[in-house]
Amino acid sequence: YFGTFILTDSDSFQEVVVKIERPTYNKPFLGGFRNVSTGVEFHNAGSQTKPIKRPDKGIQLFSKETQTAVEKNRQQQTRNTTSTQMTKIGLYVSNTTDKLITPGKYFTAEEYHKRRLEAVIVIQKYFRRWHAVNLVQNLMEQKRLRLALEAKEELQRKREKEEKLRREYEKKLNPKTREDFELLYHDLELWMQEETERINRTLTGAKRKAALCALLEEETQLIACIGMHKLDANLENQKKAILHLLGKCAQPRRWKAFDGKITEIDTQNSLRGRELFEIYCSISTKDIPKDERISVLLTLKCTVKEHECKLTQEIVALIDREIDLMSREVKESNLEGLRKRICTLFLQYIKTPEFNPGVAGLLKVPQDPLKLYRKVYFCHSCESYLPSTEFPLPAHSRTMGRCRSCHQLDNEARKRETYLKYRLILEDLRKSEVDYQDDSKIVFLVQLPDMQYLIENIWNCQSALSAYSDLYDLVMVRWDKQHEWSPWNTILLTKEEADAHLKLDNLQKTYEAPFIYKIEQRHIRAKNYFAQVPVMSSFLHRSNNQANANSYK
């Protein structure tokens, strides 16, 4: 701040305080000049006072710079000048290069437009021809690709069918599982029916009775042959089950890490199970040298001696007996029974949780007797107490019936039916319902006998559209894909028909009224059959309420 005096009147002065704001930055150099005579430099300077602040109107304003074009008019003159010269007195100009132009025929605007229209039509013709050729070529290419795809699919279906028949033939030739023997007994029953019909049709009297007796004798021999195969398969399956159980005991603990890698770690129980597994495999191996056999027996003896009980004492006694007999040069064939007893007792040792803790969670019979009493039922056929998992329960059953073994024995002796085809259809149906991800429940309540009843009694073992009757190529899908599958919302079709059916959006417009009426009648029959099931009744009432609501809408 500094003070200054200003002249107010002619003779009076007033002191005024002037406030100077000094900038915090250096002012830019704006040019200047220097006095040549004195050498003093003068710089140009500028100052700016604060502008008056405009009052705030409460509206946000924006500014934008604009630029207009600058126009300039300039005159230009061509550099080349031209001129013409005509013949005159004293000047001759040659006309050899001149051209004589004569006026043509005059045509009106209508003729001009007509000519343009004709040219346009010609262009359109050529363009349409080109477009038609391209369209036909594209259609031919699509047809070729479609035919190639259909041929590929047909070949794939043919190969799948041949592979199924080959697997079925292999199962019949080398039966190993329960389903394989069901196929054998089913084919035996079909053969018996054909032979019986042929005998009844061609023979009469004593010859017919003799032929039937011979047929019965042949059937008995075939049943005995199947039984021998069944015994061999049971022994082999039992060995595989034992190795599978021991392999599970020896497996390390596994879990998936955050990066997707599998981490494995051996626990004390898994190491113990692996040790016992290796000893059992060595004991079960046949045709090994005597020294190796004695070494394995001594290892087994040291292992079981860790626990003192009646079982281990018996194993040790049998081991000492075998070593003594081997030292006396006893034949290998005479030692088979003794070695089987050692394997059986050692397997019993492995299945004891006190000696092998890892097997506790893999045994079918729980160690706690209280857990065993909860879900045990009595089979009136074989008079055995079995767990609930050994009883097949159809959806319409109300009480516990016969166990699976009794059902299988009765089927082999009387009906000789096979459930393989129905099981394949049910598995495909459950996989397709899982893909919908709409919490379908009814399909998992339906069992094989229920599926057999649906296919045989409701749908007559044939496609609803084409009446195709090969169950290997038939599938069950939803009739209305907006609702979950149920016996009253299903249809039996071939795989190709099912793919086309699931692509439909409106069934009423696609199918004719008589066909829809026939499907609805079959759904009513299925409802009447499954209405007796207490579990199904709740789903049935819910579907009826939905149908009533839809009809009301």
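Checking the a/c ratio against 1.5 first, then a/b against b/c, what shape does the Cα gyration tensor give for the range 178-249?
Judged from the Cα gyration tensor, the range 178-249 comes out prolate (a/c at least 1.5, a/b above b/c).
Could you give the length gained by full extension between residue 61 and residue 169, i.e. 0.36 nm per residue of separation minus their alpha carbon distance, to one decimal place?
Details: separation 108, 0.36 × 108 = 38.88 nm, distance 8.85 nm.
Extra length available between residue 61 and residue 169 comes to 30.0 nm.
Mind scanning 305/351; 240/375; 301/340 and naming the pairs with a C-alpha gap bigger than 18 Å? Mind showing how you got there, number by number?
Working: 305/351 16 Å; 240/375 28 Å; 301/340 16 Å.
Beyond 18 Å between Cα atoms: 240/375.
What is the pair-distance distribution P(r) of the chain, computed from all Cα-Cα distances in 20 Å bins starting at 0, with each bin given as a whole percent?
Reading upward from the zero bin: 11, 24, 22, 12, 11, 13, 7, 1, 0.
Over the chain, what is the relative contact order in whole percent, taking alpha-carbon pairs under 8 Å and six or more residues apart?
On the way: 376 pairs, mean separation 37.0, N = 553.
Across the chain, relative contact order equals 7 percent.
How high is the FRET efficiency between residue 333 and residue 292 when r is their beta carbon distance and R₀ equals 22 Å, given to the nearest 0.05?
FRET efficiency, residue 333 to residue 292: 0.70.
If you line up the long axis of helix 178-202 against the longest principal axis of the chain, both from Cα atoms, how many degrees apart are they, to the nearest 10?
70 degrees
I'd like the orientation of helix 290-304 relative to the chain: the angle between its Cα long axis and the longest Cα principal axis, in ° from 0 to 90, rounded to 10.
So the inclination is approximately 80 degrees.
Sum -39500 (n - 2.57) across every DSSP H segment of at least 4 residues in the chain, then divide by the residue count to get the 222 nm mean residue ellipticity, nearest 500.
-18000 deg cm²/dmol
What order do you get for 87-95, 145-153 when each peptide is scored by the mean count of other beta carbon atoms within 10 Å, highest first?
145-153, 87-95
Longer than 24 Å from Cα to Cα, which of 176/248; 143/164; 495/518 are they? Say none if no pair is.
143/164
By a straight-distance test (C-alpha under 18 Å), which lysines pair with residue 105 as possible cross-link partners, with residues fewer than eight away in the same chain excluded?
Correct list for residue 105: 114.
Which value in nm describes the separation of the simple spin-label points at residue 217 and residue 100, placed 7 Å from the Cα toward the beta carbon?
About 12.9 nm, to one decimal.
Spit out the partnerless Cys residues in the chain, using Cβ distances under 4.7 Å as the pairing rule.
For the chain, the answer is 213, 225, 249, 281, 302, 309, 343, 382, 406, 461, because their Cβ atoms have no other cysteine Cβ under 4.7 Å.
Let me have the relative contact order for the range 104-255, percent, based on Cα pairs under 8 Å that are six or more residues apart.
On the way: 26 pairs, mean separation 30.9, N = 152.
Value for the range 104-255: 20 percent.
Between residue 531 and residue 232, what FRET efficiency comes out of the Förster formula 1/(1 + (r/R0)^6) with R0 = 51 Å and r the beta carbon distance, rounded to 0.05?
On the way: r = 46 Å, r/R0 = 0.91.
After rounding, the FRET efficiency stands at 0.65.
If packing is taken as the mean number of other Cβ atoms within 10 Å per residue, what is the order of 348-359, 485-496, 213-224, 105-116, highest first?
By packing density, highest mean first, the sequence is 485-496, 348-359, 213-224, 105-116.
How far is helix 534-552 tilted, in degrees, relative to the longest principal axis of the Cα atoms in the chain, given as a value from 0 to 90 rounded to the nearest 10?
30 degrees
According to a simple spin-label model (label point 7 Å from Cα along Cα-to-Cβ), what is the distance in nm between residue 242 and residue 118?
So the label points at residue 118 and residue 242 sit 10.4 nm apart.
Can you tell me the FRET efficiency between residue 125 and residue 148 if r is taken as the Cβ-Cβ distance and R0 is 41 Å, rounded to the nearest 0.05? Mind showing how you got there, number by number?
Numbers: r = 35 Å, r/R0 = 0.84.
FRET efficiency, residue 125 to residue 148: 0.75.
So for the pair residue 309, residue 198, with labels modelled 7 Å out along Cα→Cβ, what separation do we get in nm?
6.0 nm
Computed from the coordinates by the stated procedures, all read-outs in this text should not be read as laboratory data. Please read all numbers here as calculations on a predicted model, not as lab measurements. So basically every Cβ, Gly included, is an ideal-geometry build from the backbone, and we count neighbours across all protein chains shown.
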